Number of protein chains: 4
Amino acid sequence: MLKVKSEKELRLQFGFPKINSKQLKQMSSSQLKIELTETIRHYNSKGWSPATSTNYSFKDDTGIIWVSKSGIDKAQFDVSDFLTITKGGIACGEFEGIKPSAETLIHCALYELFPETTVILHSHSVYPVLISSQLSDKLSVTGYEIQKGFEGQITHDNTLEIPIFDNTQDIVTFAKTLLQNKYKIQNHSFIMRKHGTYAWGRNLFEAKRHLETLEYLCQFEWMAQQNS
Amino acid sequence: MLKVKSEKELRLQFGFPKINSKQLKQMSSSQLKIELTETIRHYNSKGWSPATSTNYSFKDDTGIIWVSKSGIDKAQFDVSDFLTITKGGIACGEFEGIKPSAETLIHCALYELFPETTVILHSHSVYPVLISSQLSDKLSVTGYEIQKGFEGQITHDNTLEIPIFDNTQDIVTFAKTLLQNKYKIQNHSFIMRKHGTYAWGRNLFEAKRHLETLEYLCQFEWMAQQNS
Amino acid sequence: MLKVKSEKELRLQFGFPKINSKQLKQMSSSQLKIELTETIRHYNSKGWSPATSTNYSFKDDTGIIWVSKSGIDKAQFDVSDFLTITKGGIACGEFEGIKPSAETLIHCALYELFPETTVILHSHSVYPVLISSQLSDKLSVTGYEIQKGFEGQITHDNTLEIPIFDNTQDIVTFAKTLLQNKYKIQNHSFIMRKHGTYAWGRNLFEAKRHLETLEYLCQFEWMAQQNS
Amino acid sequence: MLKVKSEKELRLQFGFPKINSKQLKQMSSSQLKIELTETIRHYNSKGWSPATSTNYSFKDDTGIIWVSKSGIDKAQFDVSDFLTITKGGIACGEFEGIKPSAETLIHCALYELFPETTVILHSHSVYPVLISSQLSDKLSVTGYEIQKGFEGQITHDNTLEIPIFDNTQDIVTFAKTLLQNKYKIQNHSFIMRKHGTYAWGRNLFEAKRHLETLEYLCQFEWMAQQNS
């Protein structure tokens, strides 16, 4: 007789506890920290964060920003690998003196530009790196059902644009570039040339949907060229 | 000494309880709901349902149709994410007022067209999207052993066709298109252009075999072009 | 403090009990049945057996051949999915009347051609199917370190050939083709055109090494053409 | 209510215990043996060690070198599959008479060339094999954020070179080639033509970051050519 699986068995089997969409939107900060940690490890298993790359953040229910520590192997990311930062991107409180991600100021700029944001994700998968090495200042797509993954998009029958910004080690300047180019950022994400993607949302569920939508579009656009 | 693994250990290791083909055909509705949930999560891990995309349904042993709720992250799909619908595609019973998948009417049309169907699956993998962006109204294949995965196909030495229908947000019209084009649907599946695949069967085992056969053929056809 | 993992923990984590090479060569039939079952599920997770395809066999320590039943989803393959066959490929003993794999006679031919064989594996991965759709009667490779995965190959600096036989539904005739073309089969494996690969060995360890070597070479040869 | 996961649950779920960067640098030899074993199995699941290929080593806290035994299926690699070797690459101590990896002298040469090294990793993934079949004596890359994964690289805006050495079965001579070409090896890694990659570091964390960086660059360079 087939034994009905308990919640615990499904968690061990697949790695993700079941959170319904309502819970995700109202998730407490401690729950969000756990869910985001699992998301980070999951995306690492997809090859989206090789060689300790990428960085992630969330805003807790008191408005404090938590960002991932610098140089952590994302296959082993743990809830203790987040630290609190000031709006200027410096580790604060009990974490004073610890090095946050080198790209922390990008996160600060995004929370400023899009105040409803509570989660920011980043990926170094190959497809955005490949596609941005060819295109100039944007990725433009039309007619894919997956476009509806971006909040605000209700049809495939529409052209949408994702901006591509040049990579730089001068993150202070890059953060300013974002602030000055808000009008280009229409779909909760952007690409850094030969670097990767950033996507964000009002909650983790939405941020994940945005990142996965952009990653899929980058993969599709690259593969479509192979046989054109 | 090598310890023989118990059924429970194999389940935890690989994620799927062993169901023999006879059990699958006679599976109770509660068992089917669990097995389909595991299939949904498994296909998500293969990249077939990014960004909350796809939808699934089954017909229970009283003839009621259960379809997946709208906007669920398929990595976290749970048995409680199915709801009952009327033949007109409206959530009913205890689920009244909850939003079923936007493509529910496609499922209703398929149960009407093919009354022996008890399970319908859907995929958004890249290969059907890629191949349908190039072809006109069908995918035509000849000579692959895998073609025998479609019920009714007993040889590789045969040409079979899978229809490609244009994507639309007007699902009422799309459902009618299916009803009017039954003669084109010869292999328990079809492709929606730049959207994905649908496949179905008399039970879950058969529906999975049909979907996996179509996905493999789309992948093969796309890759074959790269070196032609 | 880092807890040292027990054998049981490593098994649950990675799915394979540790068997040293000596044990594999002397494995009892019941152990071999379990190890082969895990291998079948593992290869399914790599995409090598979609849509219930492929078949496997082993020779037990009394010389009886066990082959996989027909039409089993290899993601759910279980130790009870093997049955005993006669040298003529008919299910016998307690399994009389059950349908063995449609390709059982291929296994019988291989045990006859190569009497030291105790395990035969089969794959439907895309790369042999792709490469065989282009080549005529053999895959020829030179200069890859991985070639040493074939028993008898001690250097990369050598040209080796893997025969490609045309696919057919007439397995009786195909088995005869194998028996008549033994001189072509020099590396414990062959390809069936637009179908897949067969590889075998004196034990499971060796059979796996042969299959993985061939699969890698097919993948490499296909990908190498993309940029030639 | 969402149950907070224990360390043990996360280990079982994802397979890697959480080790912070400080612990990795000060890891005891027994801990390092376990962590390296898990890394070997993890890389095998990524397809980086097919058909028993690859070899690995570490230097313990007494300065003794441990290298992987020859011919082990890396999906089943166990802590007991390491053995101690002399500086001349011969198994010693309790392991006298057991065959170490055929490429042991490569490891000995690297410990001699780079005395701070404590871990050496090796991969047979397809991308280095593909890229080295095309290039002459080096892989040259510019402008990728991932380049910063190599210790000493602080910007993407730099050209770095990874040497490609011809493969040979004469490992004594190959080891001498390395010793004579130290000036070419600037980024803690090299490629063996149509064979694979070697990467190393002052600890496991660093060695993994170096290997993953090189593997990513090889994959990127290969894929970039497809659409050039």
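The values are calculated or read from the model by the stated rules, or taken from the named source; none is laboratory data. Since the model is a prediction, treat every value here as computed from it, not as a measurement. Please note: Cβ atoms are built from the backbone with ideal geometry, for glycine as well, and neighbour counts cover all protein chains shown. These area figures cover heavy atoms from the full protein model, side chains too; ligands, DNA and RNA do not enter into them. Shrake-Rupley method; radii C 1.70, N 1.55, O 1.52, S 1.80 Å.
Inclusion of C:Thr39 among residues that are in contact with a helix residue (DSSP H, G or I) (Cβ under 7 Å, 6 or more places away or on another chain) and not in a helix (DSSP H, G or I) is not warranted.
Yes/no per residue for (1) touching a strand residue (DSSP E or B) at 6+ places or on another chain (Cβ under 6 Å); (2) at the interface with chain D (Cβ under 9 Å from one of its Cβ atoms); (3) of a type in the set (S, T, N, Q):
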{"site": "A:Ser30", "(1), (2), (3)": "no, yes, yes"}
{"site": "A:Gly47", "(1), (2), (3)": "no, yes, no"}
{"site": "A:Leu83", "(1), (2), (3)": "yes, no, no"}
{"site": "A:Thr104", "(1), (2), (3)": "yes, no, yes"}
{"site": "A:Leu110", "(1), (2), (3)": "yes, no, no"}
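In a residue-by-residue description of the stretch B:156-167, the property of being crowded, with 22+ Cβ neighbours inside 10 Å, at the interface with another protein chain (Cβ under 8 Å from one of its Cβ atoms), more than 18 Å from C:Leu130 (Cβ to Cβ) and touching a residue at least 12 places away in the same chain (Cβ under 8 Å) applies to no position.
Considering each residue of the stretch A:166-187 in turn, none proves to be in contact with a Ser or Thr (Cβ under 8 Å, 6 or more places away or on another chain) and within 17 Å of A:Ser49 (Cβ to Cβ). Within the stretch B:193-204, identify whether any single residue is surrounded by 19 or more Cβ atoms within 10 Å (Cβ to Cβ), part of a loop (DSSP other than H, G, I, E, B), facing another protein chain (nearest Cβ under 8 Å) and at positive phi, and answer yes or no. Within the stretch B:193-204, one or more residues are surrounded by 19 or more Cβ atoms within 10 Å (Cβ to Cβ), part of a loop (DSSP other than H, G, I, E, B), facing another protein chain (nearest Cβ under 8 Å) and at positive phi. Those residues that are of a type in the set (D, E, K, R), over 20 Å from C:Val172 (Cβ atoms) and either touching a residue at least 60 places away in the same chain (Cβ under 8 Å) or touching a strand residue (DSSP E or B) at 6+ places or on another chain (Cβ under 8 Å) (or both), I need them from the stretch C:85-102; list them, please. The one that is of a type in the set (D, E, K, R), over 20 Å from C:Val172 (Cβ atoms) and either touching a residue at least 60 places away in the same chain (Cβ under 8 Å) or touching a strand residue (DSSP E or B) at 6+ places or on another chain (Cβ under 8 Å) (or both): C:Glu94. Residues of the stretch D:50-85 being farther than 27 Å from D:Pro115 by Cβ, crowded, with 18+ Cβ neighbours inside 10 Å and hydroxyl-bearing (Ser, Thr, Tyr), which ones? If the condition is that a residue be farther than 27 Å from D:Pro115 by Cβ, crowded, with 18+ Cβ neighbours inside 10 Å and hydroxyl-bearing (Ser, Thr, Tyr), then D:Thr52, D:Ser53 are the ones that fit.
Take the residues in the stretch D:209-221 that are more than 7 Å from every other protein chain (Cβ to nearest Cβ) and of a type outside the set (A, V, I, L, M), then tell me which one is farthest from D:Gly152 (Cα to Cα). Among residues in the stretch D:209-221 that are more than 7 Å from every other protein chain (Cβ to nearest Cβ) and of a type outside the set (A, V, I, L, M), the one farthest from D:Gly152 (Cα to Cα) is D:Glu221.
Suppose the filter is open to solvent by 20 Å² or more (accessible area, probe 1.4 Å), over 23 Å from C:Ser45 (Cα atoms) and within 14 Å of chain B (Cβ to nearest Cβ); does C:Phe95 pass it? Yes: the conditions hold for C:Phe95. Cβ-Cβ distances below 6 Å connect the following pairs, each with a first residue in the stretch C:192-215 that is in contact (Cβ under 8 Å) with a residue 60 or more places away in the chain, a second residue that is open to solvent by less than 10 Å² (accessible area, probe 1.4 Å) and charged (D, E, K, R), and a separation of six or more residues or different chains: C:Leu204/C:Glu35. Residues in the stretch D:100-148 that are of a type in the set (Ser, Thr, Tyr), crowded, with 16+ Cβ neighbours inside 10 Å and assigned to a strand (DSSP E or B): D:Ser123 only.
Of everything in the stretch D:65-83, what is within 13 Å of D:Thr54 (Cα to Cα) and in a loop (DSSP other than H, G, I, E, B)? Give them in sequence order. Matches in the stretch D:65-83: D:Ser70, D:Gly71, D:Ile72, D:Asp73, D:Phe77. Of the residues making up the stretch A:49-64, those that are in a loop (DSSP other than H, G, I, E, B) and more than 11 Å from chain D (Cβ to nearest Cβ) are A:Asn55, A:Tyr56, A:Asp60, A:Asp61, A:Thr62, A:Gly63, A:Ile64. Among the residues of the stretch A:168-183, none is identified as open to solvent by 70 Å² or more (accessible area, probe 1.4 Å) and touching a Lys or Arg at 6+ places or on another chain (Cβ under 9 Å).
Among the residues of the stretch A:177-189, those that are in contact (Cβ under 8 Å) with a residue 60 or more places away in the chain and either assigned to a helix (DSSP H, G or I) or over 11 Å from A:Leu110 (Cα atoms) (or both) comprise A:Leu178, A:Leu179, A:Lys182.
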